[in-house]
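Working notes, beginning with the structure itself.
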């Protein structure tokens with residue numbers, strides 16, 4: 001498993017070999033880590049987060065933590081994540097991923113787990129971010 005983790009790290013340009021006290025390969029630290037928050041409503045206090053990170057060789061990936069209200073999930077920034085050549089392509093993919101998750105829950109009758117104000121606020125924030133990405137490409 002350590003060999004596999006090392007090889008995955010190489011795909012992001014991480015070459016350092018370091019082990020923790022249990023003999024497991026230490027997780028590489030990504031550069032230019034950026035957290036983006038979506039759907040934060042003061043009434044509920046729940047939100048979704050996209051975390052972007054860059055490897056040493058300028059390969060990007062993302063982490064996603066999503067909340068529908070009471071239900072949600074996520075995964076951390078890792079060398080096992082999808083790889084992208086730029087921050088913009090990683091962010092676009094992550095936004096579309098989050099958008100698909102939220103859109104699937106619009107109108108859900110499960111009012112315990114799926115809070116429509118949070119889902120709709122998240123979708124509004126995603127659309128704002130997508131528009132911002134496209135406006136930047138025009139200049």
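Bear in mind that the values in this text are calculations on the coordinates, not laboratory data. The structure displayed is predicted, hence computed values, not measured ones. Cβ atoms come from the backbone with ideal geometry, glycine included; neighbour counts cover every protein chain shown.
For the chain, the relative contact order works out to 21 percent when only alpha carbon pairs closer than 8 Å and six or more residues apart are counted.
(i) 17.5; (ii) 15.7; (iii) 16.4: which one is Kirkwood radius over Cα pairs in Å as calculated from this entry? The value matching this structure is (iii). Take every pair of alpha-carbon atoms less than 8 Å apart whose residues are at least six positions apart; their mean separation over the length of the stretch 17-83 yields a relative contact order of 23 percent.
Placing a label point 7 Å from the Cα of residue 58 along the Cα-to-Cβ direction, the residues of the stretch 21-36 whose backbone N falls under 17 Å of that point are 31-33. Taking packing as the residue-averaged number of other Cβ atoms within 10 angstrom, the listed peptides 2-8, 59-65 run from highest to lowest as 59-65, 2-8. Comparing Cα centroids, the stretch 1-58 and the stretch 84-107 end up 18 angstrom apart. Relative to the longest principal axis of the Cα atoms of the chain, the long axis of helix 116-138 makes an angle of roughly 60 degrees. Between the Cα long axis of helix 87-105 and the first principal axis of the chain there is an angle of about 40°, rounded to the nearest 10.
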